[in-house]
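What follows is a set of notes on a single structure, which appears directly below.
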Amino acid sequence: LSMPALDSFHPAIRRWFERRFPEGPTAPQEAGWPAIAEGRDTLIASPTGTGKTLSAFLVCIDRLARAREGFELTAEKKAVASPTEVIYVSPLKALAADIQQNLEGPLAEIREVARELGTPFPELRVALRTGDTSPSQRAAMLKKPPHLLVTTPESLYLMVTAERSREILRGVRTVIVDEIHAVARDKRGSHLALTLERLDALCRQRPVRIGLSATQRPIETVARFLVGA
């Protein structure tokens, strides 16, 4: 089965996807990947089970992998490669933990495929930061920042506010807001909107925003909430 939507991906990611999903990309993946790759704010509205999460994450993983190929060479290059680039914001702590598992599993499988192909694929770190994260885990995260950070709106606010954690967020390029309908309607969403604006001001360049949800009504209002002013 030909999958032209995958042609631009790292060889290991492409082979992994072809094995894992032989029926090919879903509609939100085919439509979402090019928009995200072009650096456009993207709102994906599609039913549960249509691969929305992979629509958001796969381009980010591909970008991280390509930027870090060969970065195992020197400590200096490792330092350049280390800042957090992707933030996944979940309104639910339990969902955030689930996404961490769903990220680390595919990453391990992709690395295995890369070994089979004899293709370099860097180690990409995933970390979970919620209100339940212990002080020692938080300290370890600051010492060795993850490439992909999974968090909640409240914990992201604390990270953007605290001086030490702010520093690891300056290189963020993509923010994914999952179940965006659950926060767009109340004060929690207003709080998140302010945090995202503060993150914009903190980062070297404004991060691309990706919103995901099966339930978005009216979708134009949710889109305005996602992109801000």
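The values are calculated or read from the model by the stated rules, or taken from the named source; none is laboratory data. Here the structure is a predicted model, which means the values were calculated and not measured. Here the Cβ positions follow ideal geometry from the backbone for every residue, glycine too, while neighbour counts run over all protein chains shown. Only protein heavy atoms, including side chains, enter the accessible area calculation; ligands, DNA and RNA are left aside. Shrake-Rupley method; radii C 1.70, N 1.55, O 1.52, S 1.80 Å.
Is there a residue in segment 96-103 that is closer than 18 Å to Arg66 by Cα and either within 17 Å of the chain's Cα centre (by Cα) or in contact (Cβ under 8 Å) with a residue 12 or more places away in the chain (or both)? First the steps, then the outcome.
Taking segment 96-103 first, the residues closer than 18 Å to Arg66 by Cα are 103.
Among the residues that remain, those that are also either within 17 Å of the chain's Cα centre (by Cα) or in contact (Cβ under 8 Å) with a residue 12 or more places away in the chain (or both) are: 103.
Within segment 96-103, one or more residues are closer than 18 Å to Arg66 by Cα and either within 17 Å of the chain's Cα centre (by Cα) or in contact (Cβ under 8 Å) with a residue 12 or more places away in the chain (or both).
Restricting to segment 130-178, give me the number of residues that are among the polar types (S, T, N, Q), open to solvent by 20 Å² or more (accessible area, probe 1.4 Å) and either within 23 Å of Gly228 (Cα to Cα) or under 16 Å from the mean Cα position of the chain (by Cα) (or both). Spell out the reasoning first.
Kept after step one, since they are among the polar types (S, T, N, Q), are these residues of segment 130-178: 130, 133-134, 136-137, 151-152, 155, 161, 165, 174.
Checking which are open to solvent by 20 Å² or more (accessible area, probe 1.4 Å) leaves us with 134, 136-137, 161.
Now restrict to residues that are either within 23 Å of Gly228 (Cα to Cα) or under 16 Å from the mean Cα position of the chain (by Cα) (or both): 161.
Final tally of qualifying residues: 1.
Which of the residues spanning segment 162-198 are hydroxyl-bearing (Ser, Thr, Tyr) and either modelled with pLDDT of 95 or more or within 17 Å of Ala127 (Cβ to Cβ) (or both)? Show your work before the answer.
Restricting attention to segment 162-198, the residues satisfying the condition of being hydroxyl-bearing (Ser, Thr, Tyr) are 165, 174, 190, 195.
The answer is Ser165, Thr174, Thr195.
For residues that are within 23 Å of Arg206 (Cα to Cα) and among the β-branched types (Val, Ile, Thr), scanning just segment 20-46, find the one that is surrounded by the fewest Cβ atoms within 10 Å (Cβ to Cβ).
Ile36
Failed condition for Phe17, given (1) under 24 Å from Gly118 (Cβ atoms); (2) modelled with pLDDT of 95 or more; (3) open to solvent by 30 Å² or more (accessible area, probe 1.4 Å), with all others met?
Result: Phe17 fails condition (3) only.
So for segment 95-118 (the condition being open to solvent by 40 Å² or more (accessible area, probe 1.4 Å), modelled with pLDDT under 95, in contact with a Ser or Thr (Cβ under 8 Å, 6 or more places away or on another chain) and under 24 Å from Ala37 (Cα atoms)), does at least one residue qualify?
Yes, segment 95-118 contains at least one residue that is open to solvent by 40 Å² or more (accessible area, probe 1.4 Å), modelled with pLDDT under 95, in contact with a Ser or Thr (Cβ under 8 Å, 6 or more places away or on another chain) and under 24 Å from Ala37 (Cα atoms).
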